Amino acid sequence: MKINAIQADITQQEVDAIVNAANTSLLGGGGVDGAIHRAAGPELLAACKQLGGCATGDAKSTRGFKLPARYVIHTVGPVWQGGERGEAELLMSCYRRSLEEAASVNARSVAFPSISTGVYRYPINEAAKLAVSTVKQTLDAIPSIETVTFCCFSAEDLAVYQACINQLTR
Ligand code: AR6
């Protein structure tokens with residue numbers, strides 16, 4: 001299966017690239033960003049400092065350093081502000097740009113966290129629908145990527161992603 005979902009810690013994933021839900025500074029933070037920086041070690045922050053930040057909806061890559069993943073794709077999701085501030089377009093752009101970056105470092109397997117649905121408060125049902133449909137559509141144009149895994153932190157999130165995958169990819 002090209003697109004799947006699991007409940008796991010993304011820092012432990014043995015894939016070519018994991019995606020980080022970062023902020024525009026790319027200098028670390030809480031949530032999955034903090035976990036990735038802790039697991040990758042201080043070299044990741046040093047590499048991020050060279051990138052000069054990242055716009056919301058865009059993505060930039062570094063090596064994975066101490067992570068099992070060879071690369072980290074850092075993307076910046078939108079802060080949920082009610083849905084009328086272009087949040088959906090920006091979130092779709094995160095998934096599309098992250099896959100383009102992953103392809104540019106020759107990644108064949110990619111794991112995503114649930115971008116923007118933590119501190120940035122994007123409603124999980126809407127976010128998961130956009131995540132799955134955008135990944136499916138983008139993969140049609142990037143055949144070199146063989147697997148995309150949505151790495152959910154909670155059982156509740158996993159159920160939401162699983163339902164979207166069943167609905168949108170079968
Ligand atoms: N593995 C997988 N998912 C995780 C992990 C983990 N180890 N840890 C947390 N999550 P968030 P955002 C889930 O808040 O909403 C940071 O401070 C978490 O349960 O990490 O995009 C950045 O620097 C949730 O489902 O990211 C930004 O400032 C999902 O990851 C800001 O937070 C995303 O939650 C970005 O906020």
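Here's a check for you: in region 150-165, which residue that is within 14 Å of the ligand (Cβ to nearest atom) and open to solvent by 20 Å² or more (accessible area, probe 1.4 Å) is nearest to residue 12 (Cα to Cα)? Taking the candidates together, the pick is 153. Residue 84 falls short of the stated requirement of being in contact with a strand residue (DSSP E or B) (Cβ under 9 Å, 6 or more places away or on another chain), more than 13 Å from the ligand (Cβ to nearest atom) and among the acidic types (Asp, Glu).
Against the criterion of being open to solvent by 40 Å² or more (accessible area, probe 1.4 Å) and in contact with a helix residue (DSSP H, G or I) (Cβ under 8 Å, 6 or more places away or on another chain), residue 49 does not qualify.
Residues of region 55-79 that are under 18 Å from residue 122 (Cβ atoms) and open to solvent by 10 Å² or more (accessible area, probe 1.4 Å): 55, 56, 58, 79.
If the Cβ limit is 6 Å and pairs must be 6+ apart or interchain, which residue in region 2-30 that is within 23 Å of residue 139 (Cα to Cα) and in contact (Cβ under 8 Å) with a residue 12 or more places away in the chain pairs with which residue that is near the ligand (Cβ under 9 Å from one of its atoms) and acidic (Asp, Glu)? Final answer for the pair search is 20/33; 22/33.
For region 114-124, the set of residues classified as in contact with a helix residue (DSSP H, G or I) (Cβ under 6 Å, 6 or more places away or on another chain) and surrounded by fewer than 24 Cβ atoms within 10 Å (Cβ to Cβ) consists of 118, 119, 124, listed by residue number. Within region 94-101, the presence of at least one residue that is within 21 Å of residue 26 (Cα to Cα), touching a helix residue (DSSP H, G or I) at 6+ places or on another chain (Cβ under 7 Å) and open to solvent by less than 50 Å² (accessible area, probe 1.4 Å) is confirmed. Among the residues of region 117-165, just one is among the aliphatic types (A, V, I, L, M) and part of a strand (DSSP E or B), namely 148.
The values are calculated or read from the model by the stated rules, or taken from the named source; none is laboratory data. What you see is a predicted model, and the numbers here were worked out from it, not measured in a lab. Here Cβ is always computed from backbone atoms with ideal geometry, including for glycine, and neighbour counts include all displayed protein chains. These area figures cover heavy atoms from the full protein model, side chains too; ligands, DNA and RNA do not enter into them. Shrake-Rupley method; radii C 1.70, N 1.55, O 1.52, S 1.80 Å.
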